[in-house]
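Presented below is the structure to which this report refers.
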Amino acid sequence: TFTKQQQDVRTGHEHNLGLLPETWQSWMASPSPEAFGSRVRRRASLPDRRPVAGKLAEGIWVLGGLGARGFTLAPLLGETLAAEMLGHAAPMDRAQRAGILPDRYKDR
């Protein structure tokens, strides 16, 4: 879930159980929210919820803040970062690159 500060997970479990088809609910022996465990996971993200990829300083490069989109964005951003490091053409245009460059935080 992306709901911040949610403490009571029982409501969420009840909702998820209600989404199951009736045939599955009858197959499960008295499904109850207590039967499900819960855990918290953190996602590495930045305040603007956009990833960062690019040159931070001479010889220092960064790729991070992918949040929940890591599996989707990592290949493109990795290829873009490698191209930039090697001086090759990047697979993203300038407008797209501007949105992920680390220097977007310089003036904040």
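Observations on the model:
- Restricting region 16-37 to residues that are surrounded by 10 or more Cβ atoms within 10 Å (Cβ to Cβ) and within 27 Å of G70 (Cα to Cα), the residue that is modelled with the highest pLDDT: N16
- Residues in region 40-78 that are loosely packed, with under 12 Cβ neighbours inside 10 Å and not acidic (D, E): V40, R41, R42, A44, P47, R49, A57, G59, I60, F71, T72, P75.
- Pairs, first part of a helix (DSSP H, G or I) in region 11-25, second loosely packed, with under 12 Cβ neighbours inside 10 Å and among the small types (G, A, S), C-beta under 9 Å, six or more apart: G12/S38; H13/A35; H13/S38; Q25/G18
- The set of residues in region 79-103 being surrounded by 12 or more Cβ atoms within 10 Å (Cβ to Cβ) and touching a residue at least 24 places away in the same chain (Cβ under 8 Å) consists of T80, L81, E84, R97, G99, I100, L101, P102.
- Qualifying residue in region 68-78 (condition: within 18 Å of the chain's Cα centre (by Cα), over 14 Å from D48 (Cβ atoms) and among the polar types (S, T, N, Q)): yes
The values are calculated or read from the model by the stated rules, or taken from the named source; none is laboratory data. The model shown is predicted, which means the values in this text are computed figures rather than measured ones. Glycine gets a Cβ as well: all are built from the backbone with ideal geometry, and neighbour counts include every protein chain shown.
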